[in-house]
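The values are calculated or read from the model by the stated rules, or taken from the named source; none is laboratory data. Computed from a predicted structure; not experimentally measured. Methodologically, a virtual Cβ is constructed for each residue, glycine included, from the backbone with ideal geometry; neighbour enumeration extends over all protein chains shown.
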């Protein structure tokens, strides 16, 4: 499995500038091989990681799970 390291702050700033979602970027990265994406802070510390699936169908399933979990966390904080 290939590993990709991404500086989280710059990545999310780029998404905002380009007005795109991380899921669109992830979809473009799919090539039939799983990849581990490691998000780093500015000090190179691991913030979180994500295993990019090998096909678009699995990515869409991950997106639904993420959206549900994110909505639940937002609801808990309000």
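One residue stands out in the stretch 20-42 among those that are without any contact (Cβ under 8 Å) to a residue 24 or more places away in the chain and part of a loop (DSSP other than H, G, I, E, B): the one that is surrounded by the fewest Cβ atoms within 10 Å (Cβ to Cβ), namely 32. Is it fair to say residue 74 is modelled with pLDDT of 95 or more, in a helix (DSSP H, G or I) and surrounded by fewer than 10 Cβ atoms within 10 Å (Cβ to Cβ)? Here the answer is no, as residue 74 does not meet what is asked. Going by the conditions given, is residue 17 modelled with pLDDT of 95 or more and not in a loop (DSSP other than H, G, I, E, B)? Yes; evaluated as a whole, the condition is true for this residue.
Selection of the stretch 43-71 for residues being assigned to a loop (DSSP other than H, G, I, E, B) and surrounded by 14 or more Cβ atoms within 10 Å (Cβ to Cβ) yields 53, 54.
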